[in-house]
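Below: the structure, in structure tokens.
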Amino acid sequence: MTSLVDGFGRSITYLRVSVTDKCNLRCVYCMPEQGLPWLGRDEILSYEEIGAIVRAAAAVGVRAIRLTGGEPLARRGLGRLVAALTAIPGIEDVSLSTNGLLLEAQLGELAAAGLRRINVSLDTLRAERFEAIARRPGLETVLRGIDGAIEAGLRPLKINCVVMRGRNDDELLDFAEFTRERAVFVRFIEVMPVHENLQLQRDAYVGSDEILARIGEYNDLLPVESPPGNGPARYFAFEGAAGAVGVISPLSHEYCGRCNRVRLSADGHLRLCLFGDRGIDLRTPLRNGATVDDLVSMFRAAMLIKPERHHLRLGESASAMRAFSEIGG
Ligand code: SAM
Ligand code: SF4
């Protein structure tokens, strides 16, 4: 069967699957303090439904799956889903994006289920700042999860760090030091305008050029090759260090031309772009008896409407857009 190629000649090989919209943190750049109008239990795809959609995606050339959310580890029995997805012919890589709070407790099950790689979100190495940014405590728990994942062989482990002026932008070097002894790749990410964070985004945005320039001030940090994975990041490391730091710049240097991904929302919509598209409802046809072949046809049809690029620019208003789970591949 031929692979999925969109109207701009890009092959789609990567599917991000949001398994829940709920989260046990409330990061200031992502969610309002009171949370969101959560989806009802029946609105969320079951693991069996996700499995059917991934089988269809694999049949048309998708090779890598990333589980995300909300907080994916907050959904019960995620190891069961990982095991089911790794068993699908054609799927070569199942990975996870998590805030790390529940990681330590679930590591054994996830590794046994065949999870290959983990991205942990961590914006600060200071406990009081963690609580201010995530609006919940938990730094020590997350750090234990990170070290546990490295010990369990889930490498390379990537850390996603959203850089915000005045909140954590003085920790670039601290994160670099963190990578001297640990096999982790820290990716500094530009804060993007989503949902209700527009004021924060305008006030706290630090572009990747500035981040790179600041990293460049540390003469000991030298450019290195990227670790394997799907993320469009550039990396720097101390000589002899186990890990490295890098930047991802979805806004200032968009990478839409190299986009190889689509994503599945927790309520079963296939979304074709980082921002704003309403997506194609796969849940309704699936619950009305659509087969994997029918889903394959829907994937193919979706390729005709995948946009060329996201239409978000620096400083642009993006009211009510939710770009959940698309950052930091
Ligand atoms: N809860 C999991 C986590 O935090 O890793 C997975 C979902 S989270 C939405 C996925 C990634 O998106 C995280 O690395 C998070 O930092 C990032 N993210 C969320 N909102 C963002 C924003 N406004 N700008 C940049 N990155 C953002
Ligand atoms: Fe939750 Fe991840 Fe959003 Fe933070 S970034 S509120 S951990 S979904």
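The values are calculated or read from the model by the stated rules, or taken from the named source; none is laboratory data. Computed from a predicted structure; not experimentally measured. Note that we place each Cβ from the backbone using ideal geometry, even for glycine, and neighbour counts take in every protein chain shown. We work out accessible area using only protein heavy atoms, side chains counted, and drop any ligands, DNA or RNA first. Shrake-Rupley method; radii C 1.70, N 1.55, O 1.52, S 1.80 Å.
Residue 32 satisfies every condition listed in (1) surrounded by 14 or more Cβ atoms within 10 Å (Cβ to Cβ); (2) touching a residue at least 24 places away in the same chain (Cβ under 8 Å); (3) within 16 Å of ligand 1 (Cβ to nearest atom) except (1). When the residues of the range 59-79 are filtered to those that are of a type in the set (A, V, I, L, M) and touching a helix residue (DSSP H, G or I) at 6+ places or on another chain (Cβ under 9 Å), the one that is most open to solvent (accessible area, probe 1.4 Å) is 59.
Whether any residue in the range 68-78 is of a type in the set (Val, Ile, Thr), within 15 Å of ligand 1 (Cβ to nearest atom) and under 13 Å from residue 264 (Cβ atoms) is what I want to check.
Within the range 68-78 (the criterion being of a type in the set (Val, Ile, Thr), within 15 Å of ligand 1 (Cβ to nearest atom) and under 13 Å from residue 264 (Cβ atoms)), the answer is yes, since at least one residue qualifies.
Taking the condition open to solvent by 40 Å² or more (accessible area, probe 1.4 Å) and in contact with a Phe, Trp or Tyr (Cβ under 6 Å, 6 or more places away or on another chain), does residue 155 pass? Spelling it out, it is not the case that residue 155 is open to solvent by 40 Å² or more (accessible area, probe 1.4 Å) and in contact with a Phe, Trp or Tyr (Cβ under 6 Å, 6 or more places away or on another chain). Counting only strands (runs of 3 or more DSSP E) that sit wholly inside the range 76-182, those with at least 2 residues that are free of Cβ contacts under 8 Å to residues at least 40 places away in the same chain and of a type in the set (A, V, I, L, M, F, W, C) are 93-98.
Being within 23 Å of residue 293 (Cα to Cα) and not in a helix (DSSP H, G or I) is true for just one of 28, 62, 54. Which residue is that? If you could, list the steps in order and put the result at the bottom.
On the way: 28 fails: within 23 Å of residue 293 (Cα to Cα); 54 fails: not in a helix (DSSP H, G or I).
Only one candidate passes the filter, namely 62.
Okay, residues lined up against (1) within 16 Å of ligand 2 (Cβ to nearest atom); (2) under 18 Å from residue 225 (Cβ atoms); (3) surrounded by fewer than 20 Cβ atoms within 10 Å (Cβ to Cβ):
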| position | (1), (2), (3) |
| --- | --- |
| 145 | yes, no, no |
| 150 | no, no, yes |
| 164 | yes, no, no |
| 167 | yes, no, no |
| 173 | no, no, yes |
| 176 | no, yes, no |
| 179 | no, yes, no |
| 183 | no, yes, yes |
| 187 | yes, yes, no |
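Scanning the range 84-119 for residues that are within 11 Å of ligand 1 (Cβ to nearest atom) and farther than 15 Å from residue 153 by Cα, which turns out surrounded by the most Cβ atoms within 10 Å (Cβ to Cβ)? Filtering the range 84-119 for residues that are within 11 Å of ligand 1 (Cβ to nearest atom) and farther than 15 Å from residue 153 by Cα, the one surrounded by the most Cβ atoms within 10 Å (Cβ to Cβ) comes out as 99.
Just a yes or no: is a residue in the range 3-23 within 14 Å of ligand 1 (Cβ to nearest atom) and among the aliphatic types (A, V, I, L, M)?
Step one: filter the range 3-23 for residues within 14 Å of ligand 1 (Cβ to nearest atom), giving 16-23.
Those left that are additionally among the aliphatic types (A, V, I, L, M): 17, 19.
Yes; the residues of the range 3-23 include at least one that is within 14 Å of ligand 1 (Cβ to nearest atom) and among the aliphatic types (A, V, I, L, M).
Comparison of 235, 218 shows that the only residue that is among the aromatic types (Phe, Trp, Tyr), modelled with pLDDT under 90 and out of contact with any Lys or Arg (no Cβ under 9 Å at 6 or more places or on another chain) is 218. Within the range 257-277, the presence of at least one residue that is modelled with pLDDT of 65 or more, in contact with an Asp or Glu (Cβ under 9 Å, 6 or more places away or on another chain), of a type outside the set (A, V, I, L, M) and over 23 Å from residue 45 (Cα atoms) is confirmed.
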